[in-house]
Amino acid sequence: MASDKVMHVSDSEFDAKVIGNDLPCLVDFWAPWCGPCKAIGPVIDDLADEFDGKVLIAKMNVDDNPATPGKFGIRAIPTLILFKGGEVVDQITGAVGKSQLQDLMNKAV
């Protein structure tokens, strides 16, 4: 079941909701047709619950929002980028395990 703690963002909202957020933010750049994106979806939902109040988790559909992925040079999905204070802290491309994503998020808390 999808977590209600995962925020969906668009190109027009990205700066306000992600870059301008006081909390660190992990953004999952994905597309509905992407098998690996679907595979890590439940992991993203679990992490949203686990890091609630510490790290904001957002998803951006790259098909509907091409400007932001282009700005960050995203060429493959899923790509997960961790932002803190409006800056990129780290990023991972591809479907990875939960422990690797936990390690990534712990860099920001």
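No lab work stands behind these numbers, since they all come straight from the coordinates. This structure is a prediction, so every number in the text was calculated from the model and none was measured. Positions of Cβ are generated from backbone atoms using ideal geometry, with glycine treated the same way; all protein chains shown enter the neighbour counts.
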Looking at A31, A67, A16, which is the one that is under 14 Å from the mean Cα position of the chain (by Cα) and of a type in the set (G, A, S)? A31
Filtering segment 95-109 down to residues that are in a loop (DSSP other than H, G, I, E, B) and either under 19 Å from C37 (Cβ atoms) or touching an Asp or Glu at 6+ places or on another chain (Cβ under 8 Å) (or both) yields A95, V96, G97, K107
Find the helices (runs of 4 or more DSSP H) located wholly in segment 6-94 whose residues include 1 or more that are exposed (fewer than 13 other Cβ atoms within 10 Å of the Cβ) and in contact (Cβ under 8 Å) with a residue 40 or more places away in the chain, and list them. 35-50, 67-71
